[in-house]
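The values are calculated or read from the model by the stated rules, or taken from the named source; none is laboratory data. Not measured: the values here are computed from a predicted model. As a convention, Cβ positions derive from the backbone with ideal geometry for all residues, glycine included, and neighbour counts pool all protein chains shown.
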Amino acid sequence: MNRTETHLFILWNKALEDTGKIIAGIEKEFSVLSVDDIYWDNKKFFTNFCRFYTNSKAIIFWKLLHCGRSPFRLIIVRDDKPEYTERKTNAGVELVNTHMFDCKKRFRSMLKNGHLIHGSNSVAEFTCNYMMLTGTPPPFQKFESMAKWNGESGKITPVVPGEKPWKDLAELFDFLREFKPFLVMRNFENLPDSCQLGPHSDIDIMTAAPAEFCRLLNLKRASRIPRRAVWRVRVADSYVNMDIRSPGDGYYPDKMAESMIESRIVNGNGIPVPGGKDYFYSLLYHALIHKYALSGEYRERLVKMARALSIFPQEKEDEKTFLLRLLHDYMKDNAYSFVEPRDLTVNFNNDAAGDGKLSLSLLRNMKNILRRILKKG
C-alpha cells in the first residue's frame with residue numbers, strides 16, 4: 001500500500017509513568033500527530049470501559065483493576081507504510097495492520113502488563129475507538145495534513161456518546177457519518193427529520209459491525225425473545241427502536257448483505273441507504289420472503305419501482321408472478337441462496353423460495369405449526 005492511515009494508541013492511567021519511553025518508541029515507527037489526556041467521568045468509567053471493550057463484565061473489571069481510571073492518554077499517529085495480514089487476535093483471526101499490531105505487541109512487552117496499552121488494528125477500529133473516546137467523529141482530512149506533534153499535550157473532557165439521550169435523530173446520524181459499514185435499509189425517506197418515537201418506531205439497519213454500532217449508540221435490548229434483533233436508543237425524552245441486521249444472521253444472503261453495505265450511497269438527507277438496484281431487490285426479497293403473503297401495497301410499490309428501472313412483465317404475466325420471477329432471476333444471476341433468518345420473529349416464506357426451498361430449523365417449524373393452528377382457530 002502507498003496510502004497513509006491514521007491510528008491511535010491508548011496509554012491507560014497506570015501506564016502514564018511510562019509515557020516517555022513509549023512515545024519514544026512510537027516516534028521511531030510512526031508520525032505522532034497529537035497527544036491528549038482524556039478525562040472520562042470516573043463515576044461512569046466502568047460502564048464506558050465495558051462499552052469500549054467486548055469482553056464479559058467480569059474480565060473487563062479485572063482489566064480495569066490493572067489499567068486504572070481517568071485520566072488516560074490518547075496518542076494519534078499516522079502510519080506511512082500500512083500493510084495488512086491475517087493475525088490471531090482476542091476476537092479470533094482477523095485482517096490487521098501488521099505495522100500497528102506488531103508495534104503494539106512490542107510496546108506491551110515494555111510495560112508491567114499487556115493491558116496497559118491499546119492500539120487500533122484497522123481504520124474501522126480506529127474510527128470506532130476515536131468516536132467512543134472523544135464523543136466526535138474523527139476529522140480524517142485534518143489528520144491527513146496535520147504536522148507532527150509539537151510536544152505539547154492537550155486535555156479532552158468528552159461526553160461519551162450515548163451517555164445521555166441523543167437530542168434528535170439528526171444529531172445521532174451526524175455522529176455516525178464516519179462510521180462507514182452501515183445503512184438504513186428502507187423507510188428512510190423522511191430521516192432524520194421525521195421518525196415516529198416510542199413503541200411504534202422502527203429503523204431498519206444493516207451493518208457489518210453490529211457490536212460496534214450498538215456500543216457507539218449505547219443501544220439496549222428491547223426484547224427478551226431469544227435472537228430477537230430489536231434494540232432501543234434514547235432520543236430526547238423518548239426512544240427509537242432499531243432492528244439491527246448484519247451479514248451472517250440470515251436476514252439476507254451473506255453476499256447480498258455485504259454488497260448492500262459496500263455499494264451504499266448517501267442520500268440528500270445525509271443518510272446511508274442502498275445504492276443502485278440494491279434497494280429494489282432487497283425490498284423485493286423482504287416483501288416476498290419475509291412476509292407470508294405479498295400485500296397489495298408492496299405489490300403496487302414494487303411494480304412501480306421495476307418500471308422505473310425499465311423492467312416490465314412478460315406478456316400475460318400477472319404482477320405477483322412477475323415479481324417472483326424477478327427475485328429468482330436475481331438470486332440465480334448472483335449465485336445467491338435463500339437463507340433462514342436467525343431471528344425467529346422474521347418470517348420465512350418457503351413457498352416463495354420455490355426451487356430454493358430450505359429444510360427449516362425445528363424452532364421455525366414449531367412456530368409455523370403454531371401459526372397455522374392459531375389461524376384456523
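Among Lys320, Lys375, which is the only one that is more than 30 Å from the chain's Cα centre (by Cα), in a helix (DSSP H, G or I) and touching a residue at least 12 places away in the same chain (Cβ under 8 Å)?
None of the other options fit; the residue is Lys320.
Taking into account only those residues within the range 153-173 that are of a type in the set (Gly, Ala, Ser) and within 22 Å of the chain's Cα centre (by Cα), which is nearest to Gly135 (Cα to Cα)? Steps first, answer last, please.
If we filter the range 153-173 for residues that are of a type in the set (Gly, Ala, Ser), which is where we start, we get 153-154, 162, 170.
Of the ones still in play, those that are also within 22 Å of the chain's Cα centre (by Cα) are 162, 170.
Details: Gly162: 9, Ala170: 15 Å.
Within the range 153-173, the match that is nearest to Gly135 (Cα to Cα) is Gly162.
Can you tell me which residues in the range 96-108 are touching a Ser or Thr at 6+ places or on another chain (Cβ under 7 Å) and either over 20 Å from Tyr53 (Cβ atoms) or not assigned by TED's automatic domain parsing to the domain that holds Glu125 (or both)? Show your work before the answer.
Start the filter on the range 96-108 by keeping residues that are touching a Ser or Thr at 6+ places or on another chain (Cβ under 7 Å), which leaves 96-98, 100.
Once the filter is applied, which keeps residues that are touching a Ser or Thr at 6+ places or on another chain (Cβ under 7 Å) and either over 20 Å from Tyr53 (Cβ atoms) or not assigned by TED's automatic domain parsing to the domain that holds Glu125 (or both), the range 96-108 yields only Thr98.
With (1) in contact with a Phe, Trp or Tyr (Cβ under 7 Å, 6 or more places away or on another chain); (2) more than 20 Å from Asn349 (Cβ to Cβ); (3) touching a residue at least 40 places away in the same chain (Cβ under 8 Å); (4) not polar (S, T, N, Q) as the list, and Pro253 as the residue in question, which single condition is left unmet?
(2) is the only condition that Pro253 fails.
Kindly indicate whether Arg234 is of a type in the set (D, E, K, R) and outside any helix (DSSP H, G or I).
Details: of a type in the set (D, E, K, R): yes; outside any helix (DSSP H, G or I): yes.
For Arg234, the condition - of a type in the set (D, E, K, R) and outside any helix (DSSP H, G or I) - is met.
Can you name the residue in the range 301-316 that is of a type outside the set (Gly, Ala, Ser) and surrounded by 12 or more Cβ atoms within 10 Å (Cβ to Cβ) and is also farthest from the chain's Cα centre (by Cα) among such residues? Let's see the steps before the verdict.
Filtering the range 301-316 down to residues of a type outside the set (Gly, Ala, Ser) leaves 301-305, 307, 309, 311-316.
So of that shortlist, the ones also surrounded by 12 or more Cβ atoms within 10 Å (Cβ to Cβ) come out as 301-303, 305, 309, 311, 313.
On the way: Arg301: 29, Leu302: 28, Val303: 31, Met305: 28, Leu309: 30, Ile311: 33, Pro313: 37 Å.
Only one residue fits best here, namely Pro313.
Filter the range 109-122 down to the residues that are of a type outside the set (Ser, Thr, Tyr) and either surrounded by fewer than 17 Cβ atoms within 10 Å (Cβ to Cβ) or not assigned by TED's automatic domain parsing to the domain that holds Thr54 (or both) and list them by number.
In the first step, residues of the range 109-122 are kept if they are of a type outside the set (Ser, Thr, Tyr); the result is 110-119, 121.
Across the range 109-122, the qualifying residues are Met110, Lys112, Asn113, Gly114.
Would a scan of the range 52-70 turn up a residue that is small (Gly, Ala, Ser) and either under 16 Å from Ser153 (Cα atoms) or crowded, with 18+ Cβ neighbours inside 10 Å (or both)? Please lay out each step first, then the result.
The initial filter retains those residues of the range 52-70 that are small (Gly, Ala, Ser), namely 56, 58, 68, 70.
Restricting the remaining residues to those that are either under 16 Å from Ser153 (Cα atoms) or crowded, with 18+ Cβ neighbours inside 10 Å (or both) gives 70.
The answer is yes; a qualifying residue exists.
Looking at Phe45 and the list (1) touching a residue at least 24 places away in the same chain (Cβ under 8 Å); (2) assigned to a strand (DSSP E or B), which single condition is not satisfied?
Condition (2) is where Phe45 drops out.
So the check is Cβ under 9 Å with 6+ separation or different chains; which pairs have a first residue in the range 79-102 that's in a strand (DSSP E or B) and a second one that's among the basic types (Lys, Arg) and surrounded by 12 or more Cβ atoms within 10 Å (Cβ to Cβ)?
Here the result reads Val93/Arg87; Glu94/Arg87; Leu95/Arg87; Val96/Arg87, each pair linking the range 79-102 to a residue that is among the basic types (Lys, Arg) and surrounded by 12 or more Cβ atoms within 10 Å (Cβ to Cβ).
Can you spot a residue in the range 191-214 that is of a type in the set (Asp, Glu), touching a strand residue (DSSP E or B) at 6+ places or on another chain (Cβ under 6 Å) and in a loop (DSSP other than H, G, I, E, B)? Walk me through it before giving the result.
Here is the first cut: in the range 191-214, the ones of a type in the set (Asp, Glu) are 193, 202, 204, 212.
Still in the running and touching a strand residue (DSSP E or B) at 6+ places or on another chain (Cβ under 6 Å): 202, 204.
Subset that is in a loop (DSSP other than H, G, I, E, B): 202.
Yes, there is a match, as at least one residue in the range 191-214 is of a type in the set (Asp, Glu), touching a strand residue (DSSP E or B) at 6+ places or on another chain (Cβ under 6 Å) and in a loop (DSSP other than H, G, I, E, B).
Take the range 123-175 and flag every residue that is in a strand (DSSP E or B) and crowded, with 21+ Cβ neighbours inside 10 Å. Don't jump to the end; show me each part of the working.
Of the range 123-175, the ones in a strand (DSSP E or B) are 154-156, 166.
Residue satisfying the conditions is Trp166 alone.
Going residue by residue through the range 336-356, is there one that turns out to be of a type in the set (D, E, K, R), at pLDDT 95 or above, over 30 Å from Arg177 (Cβ atoms) and surrounded by fewer than 15 Cβ atoms within 10 Å (Cβ to Cβ)? Before you say what the answer is, go through the steps one by one.
Applying the first criterion (of a type in the set (D, E, K, R)) to the range 336-356 yields 340, 342-343, 351, 355.
Still in the running and at pLDDT 95 or above: 340, 342-343.
Imposing the further condition that a residue be over 30 Å from Arg177 (Cβ atoms) reduces the set to 340.
Adding the requirement that they be surrounded by fewer than 15 Cβ atoms within 10 Å (Cβ to Cβ) leaves none.
Among the residues of the range 336-356, not one is of a type in the set (D, E, K, R), at pLDDT 95 or above, over 30 Å from Arg177 (Cβ atoms) and surrounded by fewer than 15 Cβ atoms within 10 Å (Cβ to Cβ), which makes the answer no.
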